[in-house]
Amino acid sequence: MKETKSYLSKTVEELKPSGIRRFFDLAAGMEGVISLGVGEPDFITPWSVREAAILSLEQGYTSYTANAGLMELREEIADYMQKSFGVSYSPQSEIVVTVGASQALDISLRAILDSGDEVIVVEPSFVSYVPLVTLAGGVPVQVQTLKENGFKILPEQLENAITSRTKVIILCSPNNPTGTMLSGDELNAIAKIAERYDLLVLSDEIYAELAYDDEYTSFAAIGEMKKRTILISGFSKGFAMTGWRLGFICAPEEISQAMLKIHQYAMMCAPTMAQFAALEALKTGRSDVEDMKKSYKRRRNYFVQSLNELGLTCHMPGGAFYAFPSIESTGLTSEEFAEKLLLEEKVAVVPGNIFGESGEGHVRCSYATSMELLQEAIKRISHFVKQNPKA
Amino acid sequence: MKLTEKQIEVLEILENNSARIPVEDIAKMAQLSVAETETTLDKLEEMKVLVRFNSVIDWSKVDGHEGVTAMIDVKVAPKRGVGFDEVAQRIYRFKEVRSVYLMSGAYDLSVIIEGRSMNEVARFVSEKLSTLDSVLSTTTHFILKKYKHDGTIFEQNEDDKRIVVSP
Ligand SMILES: Cc1ncc(COP(=O)(O)O)c(C=O)c1O
């Protein structure tokens, strides 16, 4: 037999493991760590939602659903998209319920990419985009945003990255890891470019519910953009349902149906119990979302101002639950900062370079943590910063 | 569990006076200056909108401080002109009384009493409450265990179940 390793696909072998993994391993087993390293809500799924899932089990709903998801759920999603974001999708043909936004991203890219097609990824970005593009046979083209611009992509940057092979732009607003949210005007400028170069836009709107200062604009709601938008969303973040693994795609019929083909062969359908939970979340969970959002906003205000006072300058993120402060004042690289902070002060954050080169000099801190822990984290970070003034 | 005199004293102060959060932190959370926050707090207090800073304490955990809470359904004969208000007032002035509500339905006033012992509560009901002129009858329910109080769940395992670092 050959060496086992030599059986692996070239693509997979060359894939880098997520940098987050290393920090997870480093922090695992340490006691008393305050974690600002988590990309998920600290709230438990609202009880009414959990209770609906329990009821579905009691009633014996334990079989597959339609491949695209429970019709009732798709109808509720269509209603939600219409009421919250002003875009209408047909529950019959334009909505597919998926196993998290993660699977939605995967099948979107696989449905549209041919080998060598280029995909523009705005950096710093969620860790999955680049590997998923590669796995789908595409070529990721990373465009770096700058902290001077609040990590917003400028139209000319975007335009410069476009080639004849470009097929799609991945946008994520509010963004993981920067928390940056693009305004309607800024999305408009991107829409014009998409139109001019005839590109698709994959809009990851998983954090849409967590927009703190300004009204949220869905990319699909802009002008004629619905026909060139693949909108990805889900229940993980806004509804505090990460473990349920439930997301959805809204896209023009041809694209949705192509994704559905992959989904039906690879996944059959999303978990039934989770679909019943999601249905309840949309029906009755909105006030819980509002309460959680209020709480995140207060913590954001507290946390970001406190970081700024410590000299870890940070723009005010418009959404999601991440602060992305600069740690340059300490003279450390982002990996050094994160590792030392964890070992010396037991505060876990994620180094910014994991989200792309332009994240270097920053760390991602999630403020989805109780106020008490945030206050303690600030104390520890303050102590750390005093120990590490720039050489 | 056994607490020191000092610790219990601190708990009592917290229970009656303040939440732990510093004004500076309130200021940041509300995106106000500290001065503004202080004036706002003062103003709210002055308007009696902010009635009290309260802490919720699970006294059942503290030896010798368990206490007894009872909810008493009271039927009263309302008086002409003053209705239920006069008798309610006579009841709520007792320091043992934590809350008084005028109710619709089977009885008129719901009175919540806290005492150090069952005896103390019993004495209050028989000697003070039921002897009031307009009180027709009382039904006393002792609280056996507090699961949730004023929105706070007691005895909940609220450990963070998340892994330390995640995407
Ligand atoms: C930008 C972004 N997209 C997608 C996901 C994945 O979400 P889900 O749990 O629905 O798979 C995450 C999770 O961290 C994310 O931050």
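Taken one residue at a time, the phi angles of the stretch B:154-167 give Karplus couplings (6.51, -1.76, 1.60, θ = phi - 60°) of 8, 6, 9, 7, 9, 4, 6, 8, 7, 6, 5, 10, 8, x Hz. Gly and Pro are set to x. Each Lys or Arg adds one and each Asp or Glu subtracts one; over the other residues with Cβ under 9 Å from the Cβ of residue A:232, this totals -2. Shown here for the stretch B:67-167: GluC sites (Glu not before Pro) in loop regions (DSSP other than H, G, I, E, B) with at most 10 other Cβ atoms within 10 Å, namely B:158.
Please name the residues of the stretch B:127-167 whose accessible area, counted over protein heavy atoms with a 1.4 angstrom probe, falls by no less than 50 Å² between the chain alone and the full protein assembly. For the stretch B:127-167, once contacts with the other chains are taken into account, B:162, B:164, B:165, B:166, B:167 lose 50 Å² or more.
Highest mobility in the GNM of chain B, judged by mean-square fluctuation with C-alpha springs under 10 Å and restricted to B:122, B:77, B:30, is found for B:30. For the stretch A:177-249, relative contact order (Cα pairs under 8 Å, six or more residues apart, normalised by length) works out to 30 percent.
Within chain A, the longest run free of trypsin sites (Lys or Arg not before Pro) that sit in a DSSP loop with at most 12 other Cβ atoms within 10 Å is A:3-389. Residues in the stretch B:63-73 carry Karplus couplings, in order, of 3, x, 10, 4, x, 9, 10, 10, 10, 10, 8 Hz; the curve used is 6.51 cos²θ - 1.76 cosθ + 1.60 with θ = phi - 60°, and Gly or Pro positions show x. Taking amide H as placed 1.01 Å from N in the peptide plane, the amide H of residue B:3 sits under 5 Å from that of B:63, each at least 5 places away or on another chain.
Counting only DSSP beta bridges with both residues in the protein assembly as shown, the antiparallel share comes to about 60 percent. Entry note, chain A: relative contact order of 24 percent, from Cα contacts under 8 Å with a spacing of 6+ residues. Around the amide H of residue A:234, modelled in the peptide plane, lie the amide H atoms of A:248, all under 5 Å away and 5 or more residues distant in sequence or on another chain.
Multiplying each eigenvalue of the alpha-carbon gyration tensor of the protein assembly as shown by 5 and taking the square root yields semi-axes of 52, 30, 23 Å, largest first, rounded to whole angstroms. Burial here means at least 30 square angstrom less accessible surface with every protein chain in place than with the chain by itself, probed at 1.4 Å; in the stretch A:294-331 the buried residues are A:298, A:301, A:302, A:305. Buried surface for the B/A pair, taken as the accessible area of each chain alone minus that of the pair with a 1.4 Å probe, is close to 1800 Å² in total.
Each other residue within a Cβ distance under 14 Å of residue B:135 adds +1 if Lys or Arg and -1 if Asp or Glu, for a net charge of -1.
Under 5 Å from the amide H of residue A:166 lie the amide H atoms of A:118, each residue being 5 or more positions distant or on a separate chain, with H modelled from the backbone and absent for Pro and chain starts.
Share of carbon and sulfur in the accessible area of the protein assembly as shown stands at 52%, probe radius 1.4 Å. From the square roots a ≥ b ≥ c of the eigenvalues of the alpha-carbon gyration tensor of the stretch B:25-165, which class results: rounded (a/c under 1.5), prolate (a/b over b/c), or oblate? Since a/c reaches 1.5 but b/c is at least a/b, the shape of the stretch B:25-165 is classed as oblate.
Over the stretch A:265-349, accessible surface divided per residue gives 36 Å², non-protein components excluded, 1.4 Å probe. Mark the label point 7 Å from the Cα of residue A:67 along Cα→Cβ and return the residues of the stretch A:260-276 whose backbone N is within less than 13 Å of it. Taking a point 7 Å out along Cα→Cβ of residue A:67, the residues of the stretch A:260-276 whose backbone N falls under 13 Å are A:260-270. In the neighborhood of residue A:324, defined by Cβ-to-Cβ distances under 9 Å, what is the net charge if each Lys or Arg adds +1 and each Asp or Glu adds -1? Surrounding charge for residue A:324 is +2.
Alpha carbon centre of the stretch A:1-45 versus the stretch A:74-118: separation in Å? Here the answer is 27 Å between Cα centres. For residue B:103 and residue A:156, a Förster radius of 60 Å and the Cβ-Cβ distance give a FRET efficiency of 0.30, rounded to the nearest 0.05. Loop-located trypsin sites (Lys or Arg not before Pro) in the stretch B:24-72 (DSSP state not H, G, I, E or B) with no more than 15 neighbouring Cβ atoms inside 10 Å: B:48, B:52. For the stretch A:167-250, the pair-distance distribution built from all alpha carbon pairs, in bins 5 Å wide starting at 0, is 3, 15, 26, 25, 18, 9, 4, 1 percent.
The values are calculated or read from the model by the stated rules, or taken from the named source; none is laboratory data. The model shown is predicted, which means the values in this text are computed figures rather than measured ones. So basically every Cβ, Gly included, is an ideal-geometry build from the backbone, and we count neighbours across all protein chains shown. The area values use the complete protein model at the heavy-atom level, side chains included, leaving out ligands, DNA and RNA. Shrake-Rupley method; radii C 1.70, N 1.55, O 1.52, S 1.80 Å.
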